[in-house]
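> Let me give you the structure first, and then I'll get to my questions.
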Amino acid sequence: MKTKNYLVLCVAVSAIVALTILFVPGLSDTIEREMLTFLSTNAR
Amino acid sequence: MKIARVCLQALGILLLIPVVALLTLRYDNRYADGPSILFPGGELVSGDLYTGPEPDWSFTREIPTIELQLNDPLSSRLIWILESNGKIYIASGYMSSFLGRLWKHWAVQADAGDGLAVVRINGIRYERQLVRIKEGPELDGVGASMAKYGSATTRQTIEAGNTWIFELAPRGT
């Protein structure tokens with residue numbers, strides 16, 4: 001993939017991820033809960 | 001060569017997704033009513049505002065973390081609480097390093113600013129004044145109370161500036 005196309009893809013992926021987290025109800029809480037579960041299981 | 005380029009690009013996307021997700025979660029929580037476990041929050045709004053005589057703070061010995069909100073800048077975070085001789089304190093470690101000061105920037109702001117703060121403990125908000133304690137015998141008791149968290153902090157490490165201690169004093173003292 002050419003650099004220009006790759007950068008466009010990065011911007012698009014970033015926008016989709018950010019907007020999904022911001023506007024899908026409960027998603028941010030779910031992600032944080034899963035992160036905490038992961039950290040509490042694996043962090044020492 | 002082309003395969004390596006594609007692999008690197010795919011790796012970049014895979015790294016980009018969690019980074020954007022973390023930044024978005026932090027942004028999303030910036031005006032929340034208090035911090036989450038991982039991210040700072042905004043103004044503490046809910047909960048009764050305590051008025052009356054100075055409480056018996058001994059109950060905080062059983063509490064692992066409280067919510068601390070600075071008035072300037074208006075942001076909140078979870079933090080350990082220490083109780084010694086009827087007074088309550090909070091600590092900020094790693095303050096002798098650049099990274100520590102960057103990480104615990106709230107402590108620098110509290111020390112440089114007016115120190116006005118609100119803490120929420122068990123759902124009740126208390127208006128307090130952060131007063132940094134740099135030296136003195138009361139740090140012996142504060143250091144001892146850090147054992148609650150398995151910390152090796154002592155009066156010496158506090159007076160050396162490695163750990164900053166703030167008393168959560170009543171307003172106007």
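Values quoted throughout were computed directly from the atomic coordinates according to the rules given, and no laboratory measurement underlies them. If you're wondering where the values come from, they're calculated on a predicted model, not measured in any experiment. When we count neighbours, we look across all protein chains shown, and the Cβ atoms used for this are built from the backbone with ideal geometry, even at glycine.
> Could you tell me which residue out of B:146, B:102, B:44 lies farthest along the dipole of chain B toward its positive end? Charges go on the beta carbon: Lys and Arg +1, Asp and Glu -1, centred on the Cα centre.
Highest projection toward the positive end goes to B:102.
> Please report the base-10 log of the normalised intensity I(q)/I(0) for segment A:3-42, using a Debye sum with one equal scatterer per alpha carbon and no solvent, at each q in 0.20, 0.21, 0.25, 0.27 (1/Å).
For segment A:3-42, the Cα-only Debye profile gives -0.68, -0.70, -0.77, -0.81.
> Calculate the spin-label point distance for residue B:134 paired with residue A:40, positioning each point 7 Å from the Cα along the beta-carbon direction, and give it in nanometres.
A separation of 4.0 nm, rounded to one decimal place.
> What are the equivalent ellipsoid semi-axes of the protein assembly as shown, built from the alpha-carbon gyration tensor (square roots of five times its eigenvalues), in whole angstrom, biggest first?
Ellipsoid half-lengths, sorted descending, are 40, 21, 16 Å.
> Taking neighbour counts of Cβ atoms within 10 Å as a proxy for exposure, in what order, fewest first, do B:7, A:10 appear? Kindly include the intermediate steps, with their values, before the conclusion.
Details: B:7 10, A:10 15.
In order of increasing Cβ crowding within 10 Å: B:7, A:10.
> Each residue of segment B:49-61 in turn: what ³J(HN,Hα) in whole Hz from Karplus with 6.51, -1.76, 1.60 and θ = phi - 60°, glycine and Pro shown as x?
Values per residue, Gly and Pro as x: 8, 6, 10, x, x, 4, x, 7, 7, 4, 5, 6, 4 Hz.
> Right, another one. Among B:63-71, B:13-21, how do they line up from the highest to the lowest mean number of other beta-carbon atoms within 10 Å?
In descending order of packing, they fall as B:63-71, B:13-21.
> Could you identify which residue out of B:135, B:127, B:62 has the top mean-square fluctuation in a GNM of chain B using Cα springs shorter than 10 Å?
Evaluated over chain B, the most mobile residue of the options is B:62.
> Can you report the principal axis dimensions of chain B using only the alpha carbons, biggest first, rounded to whole angstrom?
In descending order, the Cα extents are 70, 38, 30 Å.
> Once phi is turned into ³J(HN,Hα) by the Karplus curve 6.51 cos²θ - 1.76 cosθ + 1.60 with θ = phi - 60°, what whole-Hz value does each residue of segment B:99-112 show in order, with x for glycine and proline?
So the Karplus estimates, Gly and Pro as x, are 5, x, 5, 5, 5, 9, 4, 4, 5, 5, 5, 5, 5, 7 Hz.
> Counting other C-beta atoms within 10 Å, which of B:5, B:120 has the fewest, and how do the rest follow?
Sorted ascending by nearby Cβ count, the order is B:5, B:120.
> Report the residue, chosen from B:145, B:75, B:58, that carries the largest GNM mean-square fluctuation when chain B is represented by alpha-carbon nodes joined by springs under 10 Å.
Of B:145, B:75, B:58, the most mobile in the Gaussian network model is B:58.
> If amide hydrogens are placed 1.01 Å from N in the peptide plane, which non-local residues have theirs closer than 5 Å to the one on residue B:128?
B:117, B:118, B:119
> Here's something else I'd like to know. How do A:8, B:142 line up, fewest other C-beta atoms within 10 Å first?
A:8, B:142
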